[in-house]
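This report refers to the structure that appears directly beneath it.
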Amino acid sequence: MKRQKNRTPAACSCTRRSFLRGGGLALAGFGVSSLFPEAFMRHALAMPGGSDARLLFIFLRGGNDGLNAVIPHGDPDYNVTNRGALHIPASSAIDLNGFASLHPGLGDVMDVFNAGDLAVLHRIGFPDNSRSHFDDQRVWENGDPAQPGLFSGWLARYIVDNALSMGADLPALSVQALTPILLRGQEKYVNIANPPGFDVLPFLGEPLRSKFTTPWPVQVANLQGPDPYGPILSQTGVKLYDILAKYDAWDQANWDPKDPANPTWSLFPVSAATNPPDAGGPGGLKFSSQAYPFFNALKVLALSMLESDPLSNSNGTRVAGTELNGWDLHSAQGAVGGRHHELLSWVAYGLRSLHIVLSGAAVNEPRGYPSIWDKTIICTLSEFGRTTITNGSDGTDHAAASCMFVQGGQVNGGVYNCDPATWPAGVMFGVNNRYLLQRTDFRAVFWEILRDHMGAAPAGLETIFPGYTSLGLGAQELGLIASS
């Protein structure tokens with residue numbers, strides 16, 4: 001659904017923190033990157049506005065085995081001979097449409113799927129991928145297969161092209177080791193490498209600490225126009241304080257919403273305290289401590305979306321994301337049980353948890369956040385799929401197309417590209433006689449989301465995804481977003 005942007009003049013405040021909201025620092029743990037002065041000037045003097053729709057991404061880094069995540073049981077080529085120890089019989093999987101099945105580790109997404117708010121996409125990729133993690137991850141993030149070395153993200157270009165940063169404290173946020181290429185570009189956005197340790201203020205001494213908190217001097221309160229503000233805006237430490245103060249106000253450490261299916265389960269298991277031993281717990285597996293960073297990231301991202309009501313604050317987070325590593329399973333991948341099952345169960349429970357909290361259905365949640373489910377789309381992405389035939393180490397190797405999951409209140413749910421009409425014979429060996437053949441370019445998926453959900457200006461299409469028109473990618477669009 002296309003959303004209109006409403007803009008109203010911003011009221012001028014004469015405190016350093018409020019005046020400098022909207023600037024562009026990228027923070028990683030305790031690190032602060034360099035500032036782009038022109039972007040900082042533009043945001044500091046900007047007017048509020050932008051779309052109220054939100055987009056949250058989860059990058060499954062390493063290459064997810066789409067053939068075992070969304071299983072084409074209707075294709076006779078999915079068999080024990082080709083899949084070996086990784087073969088999952090239909091009786092052990094979750095049927096979706098009589099042709100496609102979900103891995104049993106993905107069972108936690110079924111409530112959203114049955115409600116019609118989850119789209120299961122298969123055969124997603126781009127032509128002639130290199131099967132290099134570095135190149136293909138970069139292409140998925142920069143949006144231009146013709147430039148695999150480009151370190152500029154299509155999401156970053158969307159944000160700039162649609163002025164999403166105007167008047168917002170935190171227009172975009174990532175929680176992972178480094179700022180993803182998706183959000184790199186001419187402006188800088190916040191990246192949190194370690195949510196529990198994201199607070200530098202207790203370590204600051206004087207006079208720096210007071211400098212962060214002191215109001216603007218009265219003599220500059222009434223300056224007009226952009227030029228007089230130049231020297232003042234260079235005091236970028238003020239923005240650091242503003243971001244940390246905003247983050248502290250979320251009080252994420254003390255926010256522990258519970259699963260309505262079992263109030264003993266935290267929707268975001270981030271420690272042993274929130275993850276009591278329970279072999280029958282979320283995903284059918286006991287979460288290991290390796291899952292804590294992933295769920296800590298999801299917890300912060302959920303709060304960034306819930307705290308972004310433009311009527312009550314100027315935070316304005318509209319784009320956020322994280323990553324989950326570990327999908328490069330060349331050996332001991334496992335079928336039912338094993339490492340792939342474990343990773344999928346984390347993703348499934350994470351998607352379920354996001355749906356519950358963003359729709360206001362959590363228990364033990366005294367803050368009373370309103371539902372923003374209809375405003376939010378959550379999607380997974382991964383750089384490529386895995387080989388159709390299992391390798392000699394009971395794993396899989398780098399391949400071509402894979403699957404995606406897209407969920408939200410405006411999503412046309414269902415199965416895409418995995419039914420008899422869209423899955424012809426031989427497609428599992430359609431590339432080099434060993435890789436699944438792509439049917440839909442990932443750019444077609446994301447342009448639909450940006451245009452029809454996020455309200456992207458159509459005139460910016462070629463800036464965001466160069467070559468989209470000349471390549472005819474519009475013909476591959478799937479109709480993912482419900483019309484108003």
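Values for this structure:
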{"read-out": "Unmet criterion (only one of (1) open to solvent by 40 Å² or more (accessible area, probe 1.4 Å); (2) in a loop (DSSP other than H, G, I, E, B); (3) not charged (D, E, K, R)) for residue 327", "value": "(1)"}
{"read-out": "Residue in region 300-307 that is modelled with pLDDT of 95 or more, open to solvent by 20 Å² or more (accessible area, probe 1.4 Å) and under 19 Å from the mean Cα position of the chain (by Cα) present", "value": "no"}
{"read-out": "Members of region 365-391 that are at pLDDT below 95 and among the acidic types (Asp, Glu)", "value": "365"}
{"read-out": "Test for residue 449: is it at pLDDT 95 or above, under 30 Å from residue 360 (Cβ atoms), open to solvent by less than 10 Å² (accessible area, probe 1.4 Å) and aliphatic (A, V, I, L, M)", "value": "yes"}
{"read-out": "Where a residue in region 248-268 is over 9 Å from residue 363 (Cα atoms) and its partner, wherever it lies, is part of a strand (DSSP E or B) and open to solvent by less than 70 Å² (accessible area, probe 1.4 Å), with Cβ under 8 Å and at least six apart", "value": "256/266; 264/258; 265/258; 265/259; 266/258; 266/259; 267/258; 267/259"}
{"read-out": "Pair list, Cβ < 8 Å and 6+ apart or interchain, from region 465-484 residues that are touching a residue at least 40 places away in the same chain (Cβ under 8 Å) to residues that are open to solvent by 40 Å² or more (accessible area, probe 1.4 Å) and among the aliphatic types (A, V, I, L, M)", "value": "466/146; 467/146; 481/1; 482/1; 483/1; 484/1"}
{"read-out": "Filter result for residue 114 (modelled with pLDDT of 50 or more, buried (at least 22 other Cβ atoms within 10 Å of the Cβ) and not β-branched (Val, Ile, Thr))", "value": "no"}
{"read-out": "From 86, 56, residue being open to solvent by less than 10 Å² (accessible area, probe 1.4 Å) and within 30 Å of residue 454 (Cα to Cα)", "value": "56"}
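The values are calculated or read from the model by the stated rules, or taken from the named source; none is laboratory data. These numbers come from a predicted model, not from an experiment. Positions of Cβ are generated from backbone atoms using ideal geometry, with glycine treated the same way; all protein chains shown enter the neighbour counts. Note: accessible area is taken over every heavy atom of the protein model, side chains too, but ligands, DNA and RNA are not part of it. Shrake-Rupley method; radii C 1.70, N 1.55, O 1.52, S 1.80 Å.
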